[in-house]
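The values are calculated or read from the model by the stated rules, or taken from the named source; none is laboratory data. None of these values were measured; they are calculated from a predicted model. Here the Cβ positions follow ideal geometry from the backbone for every residue, glycine too, while neighbour counts run over all protein chains shown. Areas reflect the complete protein model, heavy atoms only, side chains present, ligands, DNA and RNA absent. Shrake-Rupley method; radii C 1.70, N 1.55, O 1.52, S 1.80 Å.
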Protein chains: 2
Amino acid sequence: MPKVDLESIAQLNRTGYPAPFNEAVAGRFQRRLSPATGLTDFGVSHVVLKPGAWSSQRHWHNGEDEFLVMLEGEAVLVEDDGPTVLRPGDIAVWPKGSTNGHHLRNESEADCAFIVVGGGVNTGGGYNDIDMLFSPEGTYTHKDGTPYPAKRL
Amino acid sequence: MPKVDLESIAQLNRTGYPAPFNEAVAGRFQRRLSPATGLTDFGVSHVVLKPGAWSSQRHWHNGEDEFLVMLEGEAVLVEDDGPTVLRPGDIAVWPKGSTNGHHLRNESEADCAFIVVGGGVNTGGGYNDIDMLFSPEGTYTHKDGTPYPAKRL
């Protein structure tokens, strides 16, 4: 297969986050390359963040490694230890099981774009800065287990 | 974990290819980010090709998906169907099991750099343009099964 025609892959702007947690990702546009391009061993997404958008709520995965490489523009990676600016070619990794959550914020005036890869087994995870967990079944709950009326997409 | 300090990861220039197949990759410099950065669910390498270098002999994997994104410079992707130029931001994928082999050749006058991700199970594979296969055990053989005196690295 020659190079992937990104334009041929649907660019999705949806989220399953319950309100008001959905607002921060309103300017996030994702193309899911797995399984669209035939990949099944890991997930790959091409993500564009409009100015002001976040990649997600700050989160961790219990059972899935994540890898990110910046392609265009600039974003701020936020973790427990604070912010780190990421520019094209910069790489970040988040081995599964660490609850030092992460997300990217586009605090610049231009779009930014990155690739994110995920692998492993979805055994749930959580969000550091809000009262929410996600389950392997694709549901969202409060940290006391009470469900949100929302489904992970 | 904040962004990965690429300079802290050993840049390897070795290959297990038997002569003369090793010559084409003499200008390939790889940093293996898995497991150096704690990732175990998939493999990630940052690869630099000097002018004239190839990423590998043209090959396929029986049981492992591969994903590539160009970061810097320009390379020529060669597959059964011919060449495709890859530039920064371009993406290519090779789902496991297809024997339409691939490799990148740096035919430019400058270094190029890319990220490659591999996942799945090593069940061997082969090389399209030379008389060689690789086994799950890390050995190289001729296509008739006769071993080469070499070990995959």
_Condition check for B:Asn22: farther than 30 Å from A:His102 by Cβ and open to solvent by less than 20 Å² (accessible area, probe 1.4 Å)_ = no
*Return yes when A:Thr123 is of a type in the set (Ser, Thr, Tyr), more than 16 Å from A:Pro18 (Cβ to Cβ) and more than 8 Å from chain B (Cβ to nearest Cβ) and no when it is not.*
yes
*Please find, among B:Ser98, B:Ser34, B:Ser108, B:Ser135, the residue that is out of contact with any Leu (no Cβ under 8 Å at 6 or more places or on another chain) and farther than 24 Å from A:Gly38 by Cα.*
B:Ser108
*Taking only pairs six or more apart or across chains, which ones have beta-carbon atoms under 6 Å, a first residue in region A:8-31 that is within 20 Å of A:Phe134 (Cα to Cα), and a second residue that is open to solvent by 60 Å² or more (accessible area, probe 1.4 Å)?*
A:Arg14/A:Leu153; A:Gly16/A:Lys151; A:Gly16/A:Arg152; A:Gly16/A:Leu153; A:Ala24/A:Trp54; A:Val25/A:Trp54
*Residues (open to solvent by less than 20 Å² (accessible area, probe 1.4 Å) and at the interface with chain B (Cβ under 9 Å from one of its Cβ atoms)) located in region A:29-59*: A:Leu33, A:Thr37, A:Leu39, A:Phe42, A:Val44, A:His46
*If you take the residues in region B:60-73 that are over 17 Å from A:Leu71 (Cβ atoms) and either open to solvent by less than 60 Å² (accessible area, probe 1.4 Å) or within 13 Å of the chain's Cα centre (by Cα) (or both), which one is nearest to the other protein chains (Cβ to nearest Cβ)?*
B:Asp65
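On the basis of being open to solvent by 50 Å² or more (accessible area, probe 1.4 Å), out of contact with any Phe, Trp or Tyr (no Cβ under 6 Å at 6 or more places or on another chain) and either of a type in the set (Gly, Ala, Ser) or part of a strand (DSSP E or B) (or both), does A:Ala110 make the cut?
Details: open to solvent by 50 Å² or more (accessible area, probe 1.4 Å): yes; out of contact with any Phe, Trp or Tyr (no Cβ under 6 Å at 6 or more places or on another chain): yes; either of a type in the set (Gly, Ala, Ser) or part of a strand (DSSP E or B) (or both): yes.
So A:Ala110 fits the description; yes.
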*For region B:74-105, what are the residues that are in contact (Cβ under 8 Å) with a residue 40 or more places away in the chain and either surrounded by fewer than 17 Cβ atoms within 10 Å (Cβ to Cβ) or more than 13 Å from the chain's Cα centre (by Cα) (or both)?*
B:Asp80, B:Asn100
*List, please: which pairs have Cβ atoms under 6 Å, are six or more places apart or on different chains, and start with a residue in region B:125-153 that is outside any strand (DSSP E or B) and small (Gly, Ala, Ser) and end with one that is surrounded by 11 or more Cβ atoms within 10 Å (Cβ to Cβ) and modelled with pLDDT of 95 or more?*
B:Ser135/B:Gly124
